[in-house]
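Report on one structure; see the data block that follows.
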Amino acid sequence: MKTTFLPRRLAALAAALALTAALTGCGASGGGSADAVASTESMSAAAQDGASGGGVPHLDPGNATAENARKVIYNADVTLESTDFDAAQQAVLEAVETHGGYLSHSDLSGSAEDQDRFLNLTVRVPAAEYRSLLTALGNSANLLNASESADDITADYIDVQARLTALEAQRDRLNELADQAQTTADLLEIESQLSDVQYQIESYTQQQRWMDDQVDYSTVEVSLSEVKALTPETPAGFLEQAGRAFLDGWDAFSLFLKGLVLTVIYLWPVLVIAAVIVVVLWKTGPARRARRQARRMQAAPYPAPNAAVPNANTAPNADAAARNAPDPNGSAAPKPDAPKESKPGPKY
């Protein structure tokens with residue numbers, strides 16, 4: 001009786017465990033939807049308050065308190081330019097270090113000789129220092145553009161947290177069932193379910209850590225360009241635009257000439273071989289033309305002599321040939337000579 005009663009109890013506990021997990025998941029999903037609606041309403045209200053105050057609202061995660069703290073990911077994109085690239089680059093790096101940030105990506109291109117260096121940085125900074133870093137970056141060089149975005153993941157975070165809580169409770173119950181199992185089949189079934197639950201726990205834990213990292217550290221993309229003259233705040237006039245276009249055209253022409261010279265230098269072996277082939281063809285051209293002319297003269301037929309100019313000496317031969325010609329009707333017999341006309345002799 002004991003062996004029969006224990007599997008039934010295990011089945012009942014497993015069914016209760018599954019029902020508890022399903023109810024917890026539903027509750028988490030419902031709570032997540034409500035939090036998402038509340039997040040949207042709070043952000044809309046904040047935007048309206050900023051617009052009514054007469055200024056442009058900006059995102060500042062440093063103002064969050066324990067009561068209104070939400071899981072928000074802040075991102076920014078800052079575009080700078082400077083005529084002194086080295087000083088501006090140093091100022092940007094010092095601003096990142098001062099505010100506790102670090103570089104996750106760095107890319108530098110261009111050369112100092114051409115004055116076209118370009119620096120692209122991906123900066124991770126603590127959320128509390130996000131606003132201060134943007135201010136310092138704006139003061140390090142000429143600010144061309146600054147855009148910000150915020151992604152509220154509070155609903156997703158609460159949903160993941162609730163799923164983790166339910167899965168951890170399910171794991172504890174499965175461990176209790178494993179301690180009470182008396183047959184190998186029941187123990188293997190429980191261990192299989194426990195392995196699946198543990199895999200889900202690790203997956204949701206990793207997702208939660210990623211969310212915490214994105215919320216705790218904001219991401220700022222910084223682009224710094226080296227220019228010869230700063231972009232004016234007011235639009236340039238026609239004469240200034242024409243002068244700038246003339247200078248840009250000359251710079252483009254200079255770059256074209258430089259590229260052409262470098263291309264010729266790179267292709268010098270091909271050019272030398274091509275020049276040798278041209279010289280050989282030019283030297284052997286007259287001889288080849290003379291040989292072709294000689295071959296044409298040898299292939300031309302010679303005309304028969306006196307074929308088109310008959311005279312009195314050749315007339316008898318022509319008549320004999322005409323008489324000896326084959327008959328069109330097939331007879332090859334020679335034609336008889338025409339009777340000679342008799343001339344009357346002199347009369348005495």
Checklist outcome for this item: Among the residues of the range 115-135, the number that are within 24 Å of residue 230 (Cα to Cα) and charged (D, E, K, R) is 2
Checklist entry - In the range 105-126, is there at least one residue being among the aromatic types (Phe, Trp, Tyr) and either surrounded by 19 or more Cβ atoms within 10 Å (Cβ to Cβ) or out of contact with any Gly (no Cβ under 7 Å at 6 or more places or on another chain) (or both)? => result no
Checklist entry - Do you know which residues across the range 214-262 are under 30 Å from residue 100 (Cβ atoms), more than 28 Å from the chain's Cα centre (by Cα) and among the polar types (S, T, N, Q)? => result none
Next on the checklist: Can you confirm whether residue 147 is within 25 Å of residue 107 (Cα to Cα) and touching an Asp or Glu at 6+ places or on another chain (Cβ under 6 Å)?
Outcome noted: yes
Item to check | First in the range 271-288 and within 30 Å of residue 260 (Cα to Cα), second anywhere and open to solvent by less than 90 Å² (accessible area, probe 1.4 Å) and part of a helix (DSSP H, G or I), Cβ under 8 Å, 6 or more apart | outcome: 271/264
Item to check | Meets criteria (farther than 30 Å from residue 223 by Cα and either within 34 Å of the chain's Cα centre (by Cα) or not hydroxyl-bearing (Ser, Thr, Tyr) (or both)) for residue 157 | outcome: yes
Checklist entry - So which residues in the range 94-104 are surrounded by fewer than 17 Cβ atoms within 10 Å (Cβ to Cβ), more than 16 Å from residue 216 (Cβ to Cβ) and either under 32 Å from the mean Cα position of the chain (by Cα) or hydrophobic (A, V, I, L, M, F, W, C) (or both)? => result 103
Checklist outcome for this item: In the set 186, 213, 152, the lone residue that is open to solvent by less than 50 Å² (accessible area, probe 1.4 Å) and closer than 23 Å to residue 73 by Cβ is 152
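Okay, residues lined up against (1) of a type in the set (A, V, I, L, M, F, W, C); (2) not in a strand (DSSP E or B):
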site: 91; (1), (2): yes, yes
site: 113; (1), (2): no, yes
site: 116; (1), (2): no, yes
site: 119; (1), (2): yes, no
site: 131; (1), (2): no, yes
site: 139; (1), (2): no, yes
site: 145; (1), (2): no, no
site: 150; (1), (2): yes, no
site: 158; (1), (2): yes, yes
Next on the checklist: I'm told residue 211 meets every condition in (1) under 28 Å from residue 92 (Cβ atoms); (2) in contact (Cβ under 8 Å) with a residue 24 or more places away in the chain except one. Can you identify the failing condition by its number?
Outcome noted: (1)
Next on the checklist: When you check residue 162 against the structure, is it assigned to a helix (DSSP H, G or I) and at pLDDT 90 or above, yes or no?
Outcome noted: yes
Checklist entry - Is the range 231-248 home to any residue that is in contact (Cβ under 8 Å) with a residue 12 or more places away in the chain, open to solvent by less than 90 Å² (accessible area, probe 1.4 Å) and assigned to a loop (DSSP other than H, G, I, E, B)? => result yes
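The values are calculated or read from the model by the stated rules, or taken from the named source; none is laboratory data. Because the structure is a prediction, the values reported are computed rather than measured. No Cβ is skipped: glycine too gets one built from the backbone with ideal geometry, and neighbour counts run over all protein chains shown. Only protein heavy atoms, including side chains, enter the accessible area calculation; ligands, DNA and RNA are left aside. Shrake-Rupley method; radii C 1.70, N 1.55, O 1.52, S 1.80 Å.
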